[in-house]
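For reference, the structure discussed in these notes is given below.
Computed from the coordinates by the stated procedures, all read-outs in this text should not be read as laboratory data. What you see is a predicted model, and the numbers here were worked out from it, not measured in a lab. For neighbour counting, all protein chains shown are included, and Cβ atoms are generated from backbone atoms with ideal geometry for every residue, glycine included.
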């Protein structure tokens, strides 16, 4: 009986979690990265897209800006910057705050 | 603040004193605060630097470049003109208030129609090539409405393309802008270019540039192989389909010279192996539907860059073996085939080829865009093919040289001129032409053995002028004259003209007109008539003209050169809809032949060869009109709708009328419609592609006998037509960081042409015919493929 109560309680407790999972939190990071050619775009697309927690990726080649939409519970800006550095496309500037204006 | 100014001043002095060949400066905003990491570069050059933490930059001067630009995200770019003695530059950038949000680059279109070229060029890049199985070049056009790809006969697996309602022989196939697949390679050449080897394919419709020779009549298809400089060090591709046809591709590119060496040498290696182990006879006509066999294809290239010199060397070798016909054995177990009466009809093909080119480019003056280019190429192709009793032994040696000089007088005027040399030697014989049931006539002995050996040398001079006014108008006018040395010596002029006008960004119109010529190859161009019992060169009769008569009387195997005029008009609209762009295009092309070699299969049991000019009032022409709409409807979801109508006619003999008359070209689809859609998830991890083709009806040759109880044909007037048929194909691709897996299906409706081979029970008689093919021979097919690549280490 006790087990059942614990189970029911945990279900009740978990419910809001699963509801919030259905509408997950998303954050946006806007980075300035040196992009000189389509090769750089491909490289970023091929690698950053497969980083943990990355949900969407938009690359503006002309403005040299990469927008990463991510799940803050799985990754953060520091981890993302590391991922960019790993593919030798270091983040030159974090424009995330400018974008919010 | 004062400290910072001091710091900047100090840096100024330091830089100015240390190096006069540098321009130094600072980039600040309106408040005087330094902008860190701003881009500073010389306009029109690739030289650029970023500012440091103090907003200071130092940039090397570049000869001829005076405009220095500073740019920074969120700010308006600024340009300063530097005179020779100005070494200190201060940029004050103003924040760009309009830049509220970042514009995003949407999914890169994989099928790009050029906006700025004077030529009507369509580029299919690697993305488009990954949409379908694309084992080779001939399969790369499945999502294109302009190019038709079909089996040329039902026995050898050879595929041929058609562009603008005419055979693929009128399209010039180029390998990195060097004439590649020509002559004997024509029948299988498209299959010799593996899909994973290609970086891009450019299809240019209508009259093309004169630089590459006089040969392109209806258009040019240029293949760009992977370049080692951009290639991954190793890519593996494996493919297997439901007929157990498997393919392996290995490609890799590496830098040879050390990273810091001034000379940049890269090399690329590509390996392709294909295996078709099974002899399948799905339609039960005793003939295998697709020959079994194997293919080996190797390529090695070297790219050299040093200062103003660019060199490219490419070497390639191919071996292809195919076994078809009435067999139960296959490529592994070549047992004595089962006894059929009197003996089985066997097909054994073994083309081999080696080819290579060397390109040298040298920039003399960058500012004047003055450069010279020398291209040399050579190939040797040989084959010993047998089709029943027929044995076609042929070899072709080709040598090619093209030397050109390019210069521009101002930004809008450019001239390219040069000379070219091309030589072909063919050693070619065809034996055992006569079918068993041939009836000797009083008019003469039909030909059983032919020697088609011949030589041709062309010496050409050319000039091409291009004019460009802003982005609005561009014009390309070319002229070449070639001295042709073959059975007789003559000069042929090739004028060509292309115009593009774009009054507004959303509207472009193009017009083109030009001449094209070709030396026909009697057998290679008409190889579909080899696996038939048709009498290839019937005895001279009263209605026989030209080529056959010349053959009989003089033993001459050089038909007249083909010559044609092509004219076209096309327009494109770029219509913005909800921040996206709808591309609408409409085009019309007309090809008019002055002379051509006609292979006339209208009469049962024979093929007549003659020159169009030998028949009074004979004509050959083709009209093609096409409309196409492409749009990215939602992010990642693109859709293309296209429709093409073709009216391609030629004077052919009608045995029932006993006269020559103007008829639709046989087996040419009168229309084609395509619906192609593709969806890619935002992170490009999944891709879904689907294409539906509707291939229109086409006229059957008069000699064709409709199989009993077949509903695939209809009769209109005096002519028999095959009906239209659908082709559905789709593919799903899953991408990972370094690999991808794809699964696809072709011919999903399982449509097949009923009895594609006529008179299979008597394959050595004149009624036997595997050439009347218009539809798929094999049914549905599924395939699975895998790509893996080792990523390049550098950036």
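Data table
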quantity	calculated
Additional length obtainable on full extension of the chain from residue B:437 to residue B:54, 0.36 nm per residue less Cα span	128.5 nm
Ranking of B:413, B:645 by count of other Cβ atoms within 10 Å, fewest first	B:413, B:645
Least to most buried among B:585, B:410 (fewest other Cβ within 10 Å first)	B:410, B:585
FRET efficiency, residue B:244 to residue B:319 (Cβ-Cβ, R0 25 Å, nearest 0.05)	0.75
Average beta-carbon neighbours from other chains, 10 Å sphere, peptide A:39-48	3
Residue B:382 paired with residue B:425, simple spin-label distance in nm, labels 7 Å along Cα-to-beta-carbon	1.2 nm
FRET efficiency for residue B:459 and residue B:372, using Cβ-Cβ distance with R0 set to 22 Å, rounded to 0.05	0.70
Two-decimal Rg/Rh across chain B, once Rg and the Kirkwood Rh are taken from alpha-carbon atoms	1.02
Extension gain, residue B:90 back to residue B:489 (0.36 nm per residue minus Cα-Cα distance, nm)	136.7 nm
Peptide B:486-493 - average C-beta neighbours from other chains (10 Å radius)	0
Computed [θ] at 222 nm, helices only, for chain B once each DSSP H run of length n ≥ 4 contributes -39500 (n - 2.57)	-1000 deg cm²/dmol
Compactness of segment B:642-795, expressed as Rg and Dmax over alpha-carbon positions, Å	21.6, 71
Rounded tilt (10° steps) of B:2-18 against the dominant C-alpha axis of chain B	60 degrees
Fully extended contour minus Cα-Cα distance, from residue B:613 to residue B:710, at 0.36 nm per residue	31.1 nm
Relative contact order of chain B, defined on C-alpha pairs under 8 angstrom at six or more residues apart (%)	10 percent
Order of B:197, B:507 - criterion: other Cβ atoms within 10 Å of each residue's Cβ, fewest first	B:507, B:197
